[in-house]
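A.B. asks: Let me begin by handing over the structure; questions about it come next.
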Amino acid sequence: MSTRASELVALREQLAEAGYIAEAPLAAALLLMQDLGRPLLLEGDAGVGKTEVAKVLAGIRGTRLIRLQCYEGLDAHATIYEWNYQRQLLAIKLLEHDERGIAQKEQDIFSERYLLKRPLLEAISTDTAVVLLIDEIDRADEAFEAFLLELLSDFQLSIPELGTVQARSRPLVVITSKELAIVRTRAPQVAAELAQQIVAFVQAVRRMDLEKKPGIAETLDWAAALLRLEIASIDLDSTEPIMESLSALIKTRADRAAFPREVVARLAAAC
């Protein structure tokens with residue numbers, strides 16, 4: 001048995017001992033996530049055990065689980081930090097008779113001891129790598145998705161009063177999505193098989209090295225474009241009309257250059 005196969009068997013056994021029965025493809029994806037330091041996207045309907053994967057992974061690694069629950073209108077700032085204003089006000093009161101200059105006083109007031117860390121900052125501030133669960137990313141808006149993609153590419157954050165905060169350790173990131181359910185709900189005229197193909201195609205596109213990876217908004221735009229072009233199935237035979245529709249999914253000129261006919265044909269055939 002190869003080293004990789006042994007690692008796969010060992011991980012599945014660890015997961016099973018923790019009460020989670022994982023198929024080989026999921027265990028392999030978890031190994032790749034750990035090896036490459038890249039996020040793992042788990043898509044599926046509610047109740048199929050997506051969040052449980054993150055919980056069990058944290059358990060078998062003996063580390064913390066930090067969870068960020070996404071929702072519509074989620075503000076990126078609220079996921080990073082807040083200042084403890086009550087403590088700051090008290091400090092300002094105590095510094096009234098301090099003879100130091102204003103700049104030095106401000107440096108005291110806006111120091112890390114008055115910082116309330118929210119999930120994303122907390123996840124990169126620990127000395128030991130944690131498991132970061134970003135739950136239901138498809139409920140957040142496009143601006144937050146873009147911010148999150150940028151964060152997960154370089155694992156650093158900017159706090160105006162403190163400067164750039166770089167990760168002490170890189171978290172293992174599990175992202176859950178209900179994209180298929182959203183497509184079915186928001187675009188009910190899309191046939192069930194086509195909806196599954198749309199989600200599979202878009203998720204394959206997100207794994208490519210692009211300037212702007214498509215979010216759920218682009219997925220819905222593309223589904224509407226496919227309907228408008230009367231594309232009933234995503235397969236090798238539909239390569240040409242799919243290429244005509246990609247402007248709804250791929251937003252930048254540089255990214256569109258990454259989709260010659262042979263790439264689109266390969267992605268379509270895999271659906």
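Laboratory data are not the source of any read-out in this text; all were calculated from the coordinates shown. Bear in mind the structure is a predicted one, so any value in this text is a computation, not a measurement. Don't worry about glycine lacking a Cβ; one is built from the backbone with ideal geometry, like all the others, and counts go over all protein chains shown.
A.B. asks: Which distance in nm do the two modelled labels at ALA10 and GLU150 give, with both placed 7 Å along the Cα-to-Cβ direction?
C.D. replies: 3.9 nm
A.B. asks: Arrange the peptides 253-261, 130-138 so that the one whose residues have, on average, the most other Cβ atoms within 10 Å appears first.
C.D. replies: Ranking the peptides 253-261, 130-138 by packing returns 130-138, 253-261.
A.B. asks: Among [x] 40, 25, 16; [y] 29, 24, 18; [z] 29, 19, 18, which one is semi-axes √(5λ) of the Cα gyration tensor in Å computed from these coordinates?
C.D. replies: Structure-derived value, by its label: [x].
A.B. asks: Taking θ as phi - 60°, what are the ³J(HN,Hα) couplings along the stretch 215-220 by the Karplus curve (6.51, -1.76, 1.60), each to the nearest whole Hz, with x for Gly and Pro?
C.D. replies: Calculated HN-Hα couplings, in order: x, 5, 4, 5, 4, 5 Hz.
A.B. asks: Write down the percent of antiparallel bridges among all DSSP beta bridges whose residues are both part of the chain, to the nearest 5.
C.D. replies: Within the chain, antiparallel bridges account for around 35 percent of the total.
A.B. asks: Mean 1/r over all different Cα pairs, inverted: what Kirkwood radius does the stretch 87-182 give, in Å?
C.D. replies: Here the Kirkwood hydrodynamic radius works out to 15.9 Å.
A.B. asks: So how far apart, in nm, are the two label points at ALA143 and ALA232 if each is 7 Å from Cα heading toward Cβ?
C.D. replies: A separation of 4.2 nm, rounded to one decimal place.
A.B. asks: For the stretch 19-95, report the % of Cα-Cα distances exceeding 18 Å.
C.D. replies: Here the long-distance tail beyond 18 Å is 60 percent of all Cα pairs in the stretch 19-95.
A.B. asks: If you stretched the chain out fully between THR185 and ALA28, how much longer would it get, using 0.36 nm times the residue separation minus the C-alpha to C-alpha distance?
C.D. replies: 53.4 nm
A.B. asks: How large is ³J(HN,Hα), in whole Hz, for each residue of the stretch 102-113 in order, when computed from phi with the Karplus curve 6.51 cos²θ - 1.76 cosθ + 1.60 and θ = phi - 60°, using x for Gly and Pro?
C.D. replies: Computed from phi, the couplings for the stretch 102-113 are 4, 4, 5, 5, 5, 5, 5, 5, 9, 10, 5, 5 Hz.
A.B. asks: For the stretch 139-156, what does the Karplus curve 6.51 cos²θ - 1.76 cosθ + 1.60, with θ = phi - 60°, yield as ³J(HN,Hα) per residue in whole Hz, taken in order and with x for Gly and Pro?
C.D. replies: Computed from phi, the couplings for the stretch 139-156 are 7, 7, 7, 4, 5, 5, 4, 5, 4, 5, 4, 5, 4, 6, 8, 10, 6, 8 Hz.
A.B. asks: Between 0 and 90 degrees, rounded to the nearest ten: what's the tilt of helix 3-17 against the longest Cα principal axis of the chain?
C.D. replies: For 3-17 against the chain, the angle is about 70 degrees.
A.B. asks: Amide H of GLU161: which non-local residues (sequence gap of 5 or more, or other chain) have their own amide H closer than 5 Å, using H built in the peptide plane?
C.D. replies: HN-HN under 5 Å from GLU161: empty list.
A.B. asks: Would you pull out the residues with amide H under 5 Å of ARG67's amide H, same chain only if 5 or more places away, H placed 1.01 Å from N?
C.D. replies: Sorted by chain and number, the residues that satisfy this are LEU133.
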